[in-house]
Amino acid sequence: MESGFMRFAISDMPVPMAYATHRIIRDCNEAFADLFERKRDEIIDRSFARLYPRVSDFVRIGEMWGVHLSGSRRYYDERIMKTAGGRRFWCAVNGRSRTPDNPFAEAIYCFQPMIRPVDDGQSILSERRRQILSMVSQGKTNVEIALELALSKRTIEAHRARVMRKVGVRNTAELIVWFSKQPPLSNDARWEDGAASPGRVPFLV
């Protein structure tokens, strides 16, 4: 497809869209620029990295897409992005690669903002909840966590459900990703044996 035609097609789309090579934005429509509260010339030929809250988020998403797009053409996920003014928001992203063997070589992306609260985690992550989510991130079941912490299974389920509802995630995988982005506790915090710092939780696809 000619790049001129690609630009024409993107500009006609009523939803935020961007065309990129190796995660460098080569073209986007006004809807995409408006979504991030930027002008098009501030985005073109720039990395997607500047649209994420943190560079580590950009790297993490790249690893995830690299796995799922390898040998395929399409992928979908939901992630937190950031406007030029620093406002964070949830976004559903559909991607299609023209080069499945090298998925980031040439791809087009559609971004759709979502009505989902973004919480920094500090107001809802008590030490106990951090402890529970750390164990969830290690792959432990509710029953195993309850036994280790001498709590009931229903208490563990209630803590997990409350956090998931407040931060707007839908399943355990999304919960682990969200938790991995939260800052660690201060040095005087106490952890049970085997509980890992959330800052060190590995990204799980």
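We did not get these values from a lab; they are worked out from the coordinates using the rules stated. Owing to the predicted nature of the structure, the values given are computational and were not obtained by experimental measurement. No Cβ is skipped: glycine too gets one built from the backbone with ideal geometry, and neighbour counts run over all protein chains shown.
Numbers below:
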quantity	calculated
Sparse-neighbour loop sites [trypsin sites (Lys or Arg not before Pro); segment 121-177; at most 13 other C-beta within 10 Å; DSSP]	R170
Between segment 18-92 and segment 126-142, the alpha-carbon center distance in angstrom	30 Å
R88-V143 FRET efficiency (beta carbon distance; Förster radius 41 Å; 0.05 resolution)	0.75
Ranked list, fewest to most other Cβ atoms within 10 Å of each Cβ, for V169, V15	V15, V169
